[in-house]
Amino acid sequence: MQLYLIRHAETVHNVGKVLAGTTDSALTSHGMAQINCLAQHFVSNSTKFTTVFSSDLSRAKITAEGVCHAQVSPSGETPLEPILTRDLREKDYGSMEGYFWRASPPSPKPQDWVISESKSSMRKRVKNFFDEHLLPLLMRDPHSRQNIAVVAHGIILQELWAYFIEVFNPVDTNMAALHTKPVWSNTGYMMILITPTPAERTMPPLVIPGLAFFVLSIDDKKHLANLHRTRGGVGTAAHDVKQRKINQFFQSSTG
C-alpha cells in the first residue's frame, strides 16, 4: 500500500496568518489553482487512488474532491468520492479561533473562554480514524498495491504521523529522509510505503505485526513548481464558488 498524507489547499485564514482550526475557512483562488495542479500531477504520474479519506471541513473536502474528480474512471465505473470524517478535523483552537497565530490570549480571560483542544483529544481522534478506516484496509490484504489518500490539516496530520510511529515496529520503520518533525505546505504531501515484513519478529506491545513502514517523500510539492499567484489581490481573495461547480473546475484528464 502507498499512503499519501495531503494537506488542504490555501485558505483566506492561511493568507491572513490567523488560527482556523474548526473554522470553515474559505479557499483562495490560488488555493483552487493548487488543487488543480495537485490533481493533474497524480493523473500524469498514473497514480490511481482506490480510496480517499478527508476531513469534513470544506477546505479539505474540496481538495479531496479535486483529486477524486480528476481521476480517470473506466466507462460505467462509479466515480471516486472522498470518505468524510470528523476525526480528521484540524485542532480546535477554542476561543483562539480567528486570532493572529502568534497572539497571546487576553488576560484575564473572559468567563466564557474556551481552551484549545488537547493533544490527548487529537490523539484519540487519529487512533479512531486509524482503527476504523486504515487498519481494516491494511489487514484485509497486506500485499495489495492500492493507493490511499488522506486529506486533512497540518496539526492533525502531525498527530496521525506520531501515532504511526507508535504502532509500527521501529525495527521495520525507515525514516532516513526525516530528521525533524514533519510539516506540510498547502497541498504538500507525504508518501509512505507500507509492505509486509519478510519474516516474523517479536513485536513490542501495541505494535502492528508483519508490516514495514517506509517514508518515500516529505512535503512533496513538485506540482506547484510552475504555479504563480495571480496579481492584484485576486490570488489571495476567497474563491467565488458560484463561478464554477467543483466538477467543472476539476476536469478529468485522458492523457
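The values are calculated or read from the model by the stated rules, or taken from the named source; none is laboratory data. Because the structure is a prediction, the values reported are computed rather than measured. FYI the Cβ positions are ideal-geometry reconstructions off the backbone, even for glycines, and counts take in every protein chain you see. All accessible areas refer to the heavy atoms of the entire protein, side chains included, with ligands and DNA or RNA removed. Shrake-Rupley method; radii C 1.70, N 1.55, O 1.52, S 1.80 Å.
In table form, for the structure just shown:
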{"quantity": "Area of residue 214 that stays accessible when all protein chains are in place (1.4 Å probe, Å², to 10)", "calculated": "70"}
{"quantity": "Kirkwood hydrodynamic radius of the range 1-43, from inverse mean 1/r over distinct Cα pairs, in Å", "calculated": "11.6"}
{"quantity": "Under 29 Å from the Cα of residue 61 - lysines, other chains or at least 8 residues apart", "calculated": "17, 48, 91, 119, 124, 127, 181, 221, 222, 242, 245"}
{"quantity": "Quotient of Cα Rg and 2.2 N^0.38 Å for the range 4-144, N being how many residues it contains", "calculated": "1.24"}
{"quantity": "Per-pair calculated FRET efficiency, R0 = 35 Å: residue 139 and residue 116 via Cβ, rounded to 0.05", "calculated": "0.55"}
{"quantity": "Ranking by accessible area, most exposed first, for 24, 131 with a 1.4 Å probe", "calculated": "24, 131"}
{"quantity": "Residue 128-residue 24 pseudo-label distance in nm [points 7 Å out on the Cα-to-Cβ vector]", "calculated": "2.0"}
{"quantity": "Residues of the range 74-142: accessible area per residue with a 1.4 Å probe, Å²", "calculated": "67"}
{"quantity": "Pairwise FRET efficiency - residue 75 versus residue 103, Cβ, R0 = 45 Å, nearest 0.05", "calculated": "0.25"}
{"quantity": "Loop-located GluC sites (Glu not before Pro) in the range 114-168 whose Cβ has at most 12 other Cβ within 10 Å (DSSP)", "calculated": "none"}
{"quantity": "Prolate/oblate/rounded call for the range 1-84, Cα gyration tensor, a/c under 1.5 rounded", "calculated": "prolate"}
